[in-house]
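**Student:** Handing you this structure, nothing more for now.
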Amino acid sequence: MIPRPFAYERPRSVEEAVSVLASDDGRDARLIAGGQSLVPMLSLGLARPDVLVDVSRLELDGFEEVDGRIRIGATTRHRTLELDPEARRLVPLAAEAARHVGNPRVRNRGTFGGSLAHADPAAELPVVAVAHGGEAVIHGPAGERRVPLERFFLGYLETALGPDEVLVAVELERPATGSRVGFHEEAQRADDFALACAAAIVAPDGQARVVVGGVGDRPLRFDGTVDELPAVIESAVEPEEDAFVSAAFRRRLAGVCARRALARAQEDAA
């Protein structure tokens, strides 16, 4: 399908992007960066904005340590997270998850912030963000505000972002010294959306946090011991049946992904 006609804006600053989004001219404006989620929706007629606001050339990429957190810019590419040695050192869980995103073409164009703002419940990087914890850094007409990541995802394709706001960065909490991380995903074929996925962080004392995706309308977080969490997760999640698999099968996959992500974290310690 061919998208309906739209206007195109390329702001020179975050403030200019916010100004376009907040305009009261009646136009429906949408942000675009990598376009790996939005462009297919345009082609299918699932999104019909009047204007696209391109933030891909704003200086919102990169990652750095800030006050004990890891700040990742919104336009940081998946491929950068996957391959950059410094990214792999600072956020190994994000690096591991990023290699599961789509295919190299998607990873070369898609952005960290775009994945979070799109909020597909089967996406890998929202799961990583909730596993780490921290804050989303958002700019809007009133200036900067911060939203804890556990409150950023509100439901299927729904976040705390307002229609006139821009996600500029995410600041992830660093796991405790000596923690290990692991990620696992199950999909029907390479490049497919995850049927279920899990990110695990295991502290030195054996306490763990596991966040599962693809089995609810947002990433679901569970805390407990390594031994108990897979069974807890499998009994607690309530996925819906869809055209791909049954609810019972997806529930089972949640436990499998949790168990294998935890096992990978323990391998990381070896």
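The values are calculated or read from the model by the stated rules, or taken from the named source; none is laboratory data. What you see is a predicted model, and the numbers here were worked out from it, not measured in a lab. Virtual Cβ from ideal backbone geometry, glycine too; neighbours counted across all protein chains shown.
**Student:** Does GLU185 meet the test of being more than 30 Å from ARG57 (Cβ to Cβ) and without any contact (Cβ under 8 Å) to a residue 12 or more places away in the chain?
**Tutor:** When the stated conditions are applied, GLU185 does not pass them.
**Student:** Only one of (1) small (Gly, Ala, Ser); (2) closer than 19 Å to ARG221 by Cβ; (3) crowded, with 16+ Cβ neighbours inside 10 Å fails for ALA187. Which number is that?
**Tutor:** (2)
**Student:** Hey, can you tell me all the residues within region 9-55 that are of a type in the set (Ser, Thr, Tyr) and either modelled with pLDDT under 90 or in contact with a helix residue (DSSP H, G or I) (Cβ under 6 Å, 6 or more places away or on another chain) (or both)?
**Tutor:** Matches in region 9-55: SER23, SER37, SER43.
**Student:** I've got another one for you. Scan region 146-173 for residues that are of a type in the set (D, E, K, R) and in contact with a helix residue (DSSP H, G or I) (Cβ under 8 Å, 6 or more places away or on another chain) and jot them down.
**Tutor:** Selection gives GLU150, ASP164, GLU165, GLU173.
**Student:** Moving on to the next point. Could you identify the single residue in LEU161, LEU262 that is part of a loop (DSSP other than H, G, I, E, B), surrounded by 17 or more Cβ atoms within 10 Å (Cβ to Cβ) and either free of Cβ contacts under 8 Å to residues at least 24 places away in the same chain or not basic (Lys, Arg) (or both)?
**Tutor:** Exactly one of LEU161, LEU262 is part of a loop (DSSP other than H, G, I, E, B), surrounded by 17 or more Cβ atoms within 10 Å (Cβ to Cβ) and either free of Cβ contacts under 8 Å to residues at least 24 places away in the same chain or not basic (Lys, Arg) (or both), namely LEU161.
**Student:** Do any helices (runs of 4 or more DSSP H) entirely within region 1-113 hold 1 or more residues that are among the polar types (S, T, N, Q), and if so, which?
**Tutor:** Here the list reads 14-21, 38-43, 78-83, 104-109.
**Student:** Scan ALA169, ALA74, ALA119 and give me the residue that is crowded, with 17+ Cβ neighbours inside 10 Å, closer than 15 Å to GLY213 by Cα and in contact (Cβ under 8 Å) with a residue 60 or more places away in the chain.
**Tutor:** Result: ALA119 is the single residue among ALA169, ALA74, ALA119 that is crowded, with 17+ Cβ neighbours inside 10 Å, closer than 15 Å to GLY213 by Cα and in contact (Cβ under 8 Å) with a residue 60 or more places away in the chain.
**Student:** What do you reckon, is ARG57 surrounded by fewer than 21 Cβ atoms within 10 Å (Cβ to Cβ), among the basic types (Lys, Arg) and farther than 21 Å from ALA131 by Cα?
**Tutor:** Considered against the rule, which asks whether it is surrounded by fewer than 21 Cβ atoms within 10 Å (Cβ to Cβ), among the basic types (Lys, Arg) and farther than 21 Å from ALA131 by Cα, ARG57 comes out as yes.
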